[in-house]
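*Asks:* Sending over a structure as structure tokens; questions will come in a sec.
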Amino acid sequence: SGYDSLCCCWFQDSQSVLNRERRSNMTKMKLLLPLLAISAILPAHHVIGSEDINHDGHGSIRRGLRRDSAAPADAASERKEGINRDKGKAHPSQSFTSTFASDTTFAGNMFDIVARDNIAITSMAVNTYVDSLRVQVYTRAGSYGGFENDLSAWEYVGETTVKGRRMDTPTMIDKAFKEYGPILIRRNARQAFYITTDGPFLRSTKGTNEGEEIYSNYRESADISFFQGVGKRYPMTSGTHSARIWNGMIQYRSMDDIERTASLGEVTFRRGDLAVRNARLGINVCTGMSVRVVARANRRVQLADGTTSNMRFHSMPDGAAIFPHDDGYVYVSNSEMKQGLGGVYGLYFDQYGNVVDYKLMLSGTTRNCGGGRTPWNTWITCEEYGRGQCWQIDPKNEIP
């Protein structure tokens, strides 16, 4: 207890966002990380695969393909192209372009989009003319607003070195998405992106009003709303310039297409090897997993719709468990604060792993330390002091 961050670890499959679990039929495994005791979720159908892929900057994972006698020899390429085996045809990738009419240059850009349908972003392109350029991609649920200088609030997607085609022409950075997988965004959810290089090499366009929706001025998309953002110097704390319009292209598929192909994926999970290093957070996790910060003590929780929680995340988080809730799940966590300041809190996720709510479940207790999940899906929390009691919490509020 006493740690100030809650990190969630996620098992990766061959087409998944590292941080978004999309199935309710899950088995639970409790893991202890240096920051906090957390719960990890493994889809029950995942089995060991065979193909080695280097996990750029975050360790390595091992992935493979499910094989049987009826599987075609080019199963890997069919999965990559999103083949619908039932109908026997491919589902083409769609794209959205902001603009490539640049008039300024920065090291990076931050911007928001809102998904008007369930989508999965699979790649992007930028506007650059430099012969050899290292491009890094970060993302976060919600808006970039308020986090322009806080790298810890962002998820690292990946990086790639590219050769710029020429000014005002798309240069693909698809390799930056290779290990992270598709970025799943549910309907009406806001997602922020930070795309940067280590010098003033990305072309962009001067905007008029930061936060204004501008996609219809360029190329209308029924699936994506695009908003004016900011230009960033490198590193991110060196300066912010408003308003700027990111020059780029977003490639995406419908969520249904991604779900259909992702269900064929497999992943190797090596329990206890702690071989994957997250240098930014300073922790190690097991092969087949990645980690992100979803809450910090005494700070409001960033929610998927771009708002923040009504209350601040509790201090001294301790015993915890995960419970199914509606189409998603809730992370129930004790607070080991003293003198009646303890309690139990719930962090709510939807089925895609987006944080959607944070609530108080029990207050007025002291040093809520250990606890346990019952066979009837309630949480027993125990006070750790001389006159302490055990309290039963129903995450669904169905048991009187």
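The values are calculated or read from the model by the stated rules, or taken from the named source; none is laboratory data. All figures in this text were calculated on a predicted structure; none of them were measured in a lab. Don't worry about glycine lacking a Cβ; one is built from the backbone with ideal geometry, like all the others, and counts go over all protein chains shown. Quick note on the areas: whole protein, heavy atoms, side chains included, nothing else; ligands and nucleic acids left out. Shrake-Rupley method; radii C 1.70, N 1.55, O 1.52, S 1.80 Å.
*Asks:* So is G306 of a type outside the set (D, E) and farther than 22 Å from G146 by Cα or not? Lay out the reasoning, then the answer.
*Replies:* On the way: of a type outside the set (D, E): yes; farther than 22 Å from G146 by Cα: no.
No: the conditions fail for G306.
*Asks:* OK, next. When the residues of region 341-376 are narrowed to those that are of a type outside the set (G, A, S) and farther than 26 Å from N310 by Cα, which ends up nearest to the chain's Cα centre (by Cα)?
*Replies:* R373
*Asks:* Please determine whether any residue of region 227-234 is among the hydroxyl-bearing types (S, T, Y), part of a loop (DSSP other than H, G, I, E, B) and at pLDDT 85 or above. Write out each step before concluding.
*Replies:* Of the residues in region 227-234, the ones among the hydroxyl-bearing types (S, T, Y) are 234.
Narrowing the set further to residues that are part of a loop (DSSP other than H, G, I, E, B) leaves 234.
Cutting the leftovers down to at pLDDT 85 or above gives us 234.
There is at least one residue in region 227-234 that is among the hydroxyl-bearing types (S, T, Y), part of a loop (DSSP other than H, G, I, E, B) and at pLDDT 85 or above.
*Asks:* All but one of (1) under 23 Å from the mean Cα position of the chain (by Cα); (2) exposed (fewer than 15 other Cβ atoms within 10 Å of the Cβ); (3) not aromatic (F, W, Y) hold for D103; which doesn't?
*Replies:* Checking D103 against (1) under 23 Å from the mean Cα position of the chain (by Cα); (2) exposed (fewer than 15 other Cβ atoms within 10 Å of the Cβ); (3) not aromatic (F, W, Y), the one that fails is (1).
*Asks:* Answer yes or no as to whether R260 is open to solvent by 60 Å² or more (accessible area, probe 1.4 Å), more than 30 Å from R203 (Cβ to Cβ), under 18 Å from the mean Cα position of the chain (by Cα) and at pLDDT below 80.
*Replies:* Working: open to solvent by 60 Å² or more (accessible area, probe 1.4 Å): yes; more than 30 Å from R203 (Cβ to Cβ): yes; under 18 Å from the mean Cα position of the chain (by Cα): no; at pLDDT below 80: yes.
In short, no.
*Asks:* Shifting gears a bit: Among (1) at pLDDT 90 or above; (2) in a loop (DSSP other than H, G, I, E, B), which single condition is E220 missing?
*Replies:* Condition not satisfied by E220: (1).
*Asks:* Something else: Can you tell which of F147, F177 is among the aromatic types (F, W, Y), at pLDDT below 95, surrounded by fewer than 22 Cβ atoms within 10 Å (Cβ to Cβ) and touching a helix residue (DSSP H, G or I) at 6+ places or on another chain (Cβ under 6 Å)? Steps first, please.
*Replies:* On the way: F177 fails: touching a helix residue (DSSP H, G or I) at 6+ places or on another chain (Cβ under 6 Å).
One residue alone meets the criteria, F147.
*Asks:* Continuing with the same structure: Checking the conditions here, which among N284, N334, N298, N278 is over 21 Å from L151 (Cβ atoms), out of contact with any helix residue (DSSP H, G or I) (no Cβ under 7 Å at 6 or more places or on another chain) and not charged (D, E, K, R)? Lay out the reasoning, then the answer.
*Replies:* Details: N284 fails: over 21 Å from L151 (Cβ atoms); N298 fails: over 21 Å from L151 (Cβ atoms); N278 fails: over 21 Å from L151 (Cβ atoms).
Matching residue, one of N284, N334, N298, N278: N334.
*Asks:* Can you pull out every residue in region 379-398 that is open to solvent by less than 100 Å² (accessible area, probe 1.4 Å), of a type outside the set (D, E), within 29 Å of the chain's Cα centre (by Cα) and modelled with pLDDT under 95?
*Replies:* I393, P395, K396
Conditions (1) surrounded by fewer than 16 Cβ atoms within 10 Å (Cβ to Cβ); (2) under 30 Å from F193 (Cα atoms), marked per residue:
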| position | (1), (2) |
| --- | --- |
| N298 | yes, yes |
| G306 | no, yes |
| N310 | yes, yes |
| M316 | no, no |
| G319 | no, no |
| D327 | yes, yes |
| V330 | no, yes |
| N334 | no, no |
| M337 | no, no |
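*Asks:* Now for a separate question. Considering each of Y352, Y345 in turn, give the residue that is modelled with pLDDT of 95 or more and under 20 Å from V293 (Cβ atoms).
*Replies:* On the way: Y352 fails: modelled with pLDDT of 95 or more.
None of the other options fit; the residue is Y345.
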